[in-house]
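Scroll down for the structure; my scribbles are underneath it.
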Amino acid sequence: MQPLIIIIGPTAVGKSALGVELALQIQGEIISGDSVQVYQKLNIGSAKPSAEEQKGVPHHLIDFLDPTEPFTVARFQTMTRDLITEIRARGKTPIIVGGTGLYIRSILDDYSFPEEGSDLIKNKWLEYARTHGNLQLHGILAECDPASAQKLHPNDTSRIIRALEVYELTGKPLSAQRDYLEKEYSHLDESILYVGLTAPRSLLYERINQRCELMIEAGFIREVSSLLQEGYSPQLKAFQSIGYRHVVNYLRGILTFEEMMRLFKRDTRRFAKRQLTWFRRDPRVKWYDITNIGINRIANELSDTCREIQSRVQL
């Protein structure tokens, strides 16, 4: 059986580069574990790998949804499990690359995500947000589920409404249910190679600051402006992600350019810190510090490990 490789870590640490280099060595195909790269037209701000950066390696779950379409962890879980089976059937090795923690856990552990909720409840809270504003909606969540409210930006109405929906349907806060699941780490099959990339905080933050600046230089503002001119609503879930919401607020005159850049960098650094906190709780991750071993050497080591897994499974 072909192994399954999962590469995680904070933003800007080099996950995509490692995934491509490893795929070239072991005939792998990459499955994106990023919640924004799924959307078409959201290219620069999602750090979507270009055709040149993909180097001919097949990539899945990127650039296939219109920004107006919803994409949930349940859908990711279903599609990714199907892709793993299909890729292995072709004699290739699936490599999941991403930093969205819940997406990764949904593949590794026995997470259940009911697709269907209550449209009546959703529509009720959507109407409430339109009438009273996002801040008041966020305040209601803070009363019944303060832990979830603390993690969610007031403009992230989609996730706020989902948390309120879960509370109404189950009588229990979404945070309590997730906290329980997040502390349960199942044993991994021997065919799974679960690795993480990390770096000293000072270096990681420097890389993040540089990435934010390079995104702007590459035309990030033009990308967002074009989407708004096409008629996409600034309230879309995709536009609530880091970077996009900052540029939207700049284009709407809410932020100056300097303030937009400051908040863009700050919030990206904070996001990276949250990613590390999430992943470091998982004792199953084998960590590599990119300052001690380069991407090519990591890929070589993982390639050797993959061959060992293949031999072990075949016996």
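Could you tell me which of rounded, prolate or oblate describes region 166-261, using a ≥ b ≥ c as the square roots of the eigenvalues of the alpha-carbon gyration tensor, with rounded for a/c under 1.5 and, failing that, prolate when a/b is larger than b/c and oblate otherwise?
oblate
Using a basic spin-label model with each label point 7 Å from the Cα along Cα→Cβ, how many nm lie between residue 109 and residue 188?
About 1.4 nm separates the two model spin labels.
Show the residues, 5+ positions off or on another chain, whose built amide H is closer than 5 Å to the amide H of residue 45.
Amide H to amide H, under 5 Å and 5 or more residues apart or across chains, residue 45 pairs with nothing.
In whole Hz, what ³J(HN,Hα) sequence does region 50-62 give by Karplus (6.51, -1.76, 1.60; θ = phi - 60°), x for Gly and Pro?
Karplus values, whole Hz, x for Gly and Pro: 6, 4, 5, 6, 6, 6, x, 6, x, 10, 10, 6, 10.
Can you tell me the orientation of helix 73-89 relative to the chain, as the angle in degrees between its alpha-carbon axis and the longest Cα principal axis, to the nearest 10?
Helix 73-89 sits at roughly 20 degrees to that axis.
Given H placed 1.01 Å from N in the peptide plane, which residues other than close sequence neighbours of residue 60 have an amide H under 5 Å from its amide H?
Residues meeting the amide H criterion: 30, 31, 32.
Percent relative contact order of region 119-181, based on C-alpha pairs within less than 8 angstrom and at least six residues apart?
Normalised by residue count, the contact order of region 119-181 is 30 percent.
From the phi of every residue in region 214-229, what ³J(HN,Hα) in whole Hz does the Karplus formula 6.51 cos²θ - 1.76 cosθ + 1.60 yield, where θ is phi - 60° and glycine or proline is x?
For region 214-229, the Karplus-derived couplings read 5, 4, 5, 4, 7, x, 4, 5, 5, 4, 5, 4, 4, 5, 5, 5 Hz, x marking Gly and Pro.
As a test of the formula, what do you get for the chain when each DSSP H run with n ≥ 4 contributes -39,500 (n - 2.57) and the sum is divided by the residue count, at 222 nm and rounded to the nearest 500 deg cm²/dmol?
-17500 deg cm²/dmol
Spin-label point model (7 Å from Cα, Cβ direction): what's the residue 159 to residue 258 distance in nm?
Each label point is offset 7 Å from its Cα along the Cβ direction, giving 3.1 nm.
Which order do the peptides 102-109, 189-196 take when ranked by the mean count of other beta-carbon atoms within 10 Å per residue, highest first?
102-109, 189-196
Report, to the nearest 10°, how far helix 134-144 tilts away from the longest principal axis of the Cα atoms in the chain, using its own Cα long axis and a range of 0 to 90°.
70 degrees
Test of understanding: ordering 151, 15 by Cβ neighbours within 10 Å, fewest first, what list do you get?
151, 15
Please give the residues of region 62-96, grouped as numeric ranges, whose backbone N is less than 18 Å from a label point set 7 Å along the Cα-to-Cβ vector of residue 233.
Residues 66-72 fall inside that zone.
Search the structure for amide H atoms under 5 Å from the amide H of residue 197, placed 1.01 Å from N in the peptide plane, and list their residues when 5 or more places away or on another chain.
Close amide H contacts, sequence-distant or interchain: 8, 9, 288.
With a 10 Å Cβ neighbour count serving as the proxy for reagent exposure, in which order, fewest first, do 254, 242 appear?
Going from sparsest to densest Cβ surroundings: 254, 242.
Put a dot 7 Å past each Cα toward the Cβ at residue 308 and residue 169; how far apart are the dots in nm?
4.3 nm
Enumerate the calculated ³J(HN,Hα) couplings along region 16-25 in order (Karplus 6.51 cos²θ - 1.76 cosθ + 1.60, θ = phi - 60°), each rounded to whole Hz, writing x wherever the residue is Gly or Pro.
Running phi through 6.51 cos²θ - 1.76 cosθ + 1.60 with θ = phi - 60° gives 5, 5, 5, x, 5, 4, 5, 4, 5, 7 Hz.
Which value, in Å to one decimal place, does the Kirkwood hydrodynamic radius take for region 119-181 when every pair of different Cα atoms is included?
Every distinct Cα pair counted, the radius reaches 11.4 Å.
Could you check which residue among 246, 187, 138 shows the biggest mean-square fluctuation in a GNM of the chain with a 10 Å Cα cutoff?
Comparing 246, 187, 138 in the GNM, the peak value goes to 187.
Values quoted throughout were computed directly from the atomic coordinates according to the rules given, and no laboratory measurement underlies them. Quantities reported herein were computed from a predicted structural model and do not represent experimental measurements. A quick note on method: Cβ atoms are made from the backbone with ideal geometry, for glycine too, and the neighbour counts reach across all protein chains shown.
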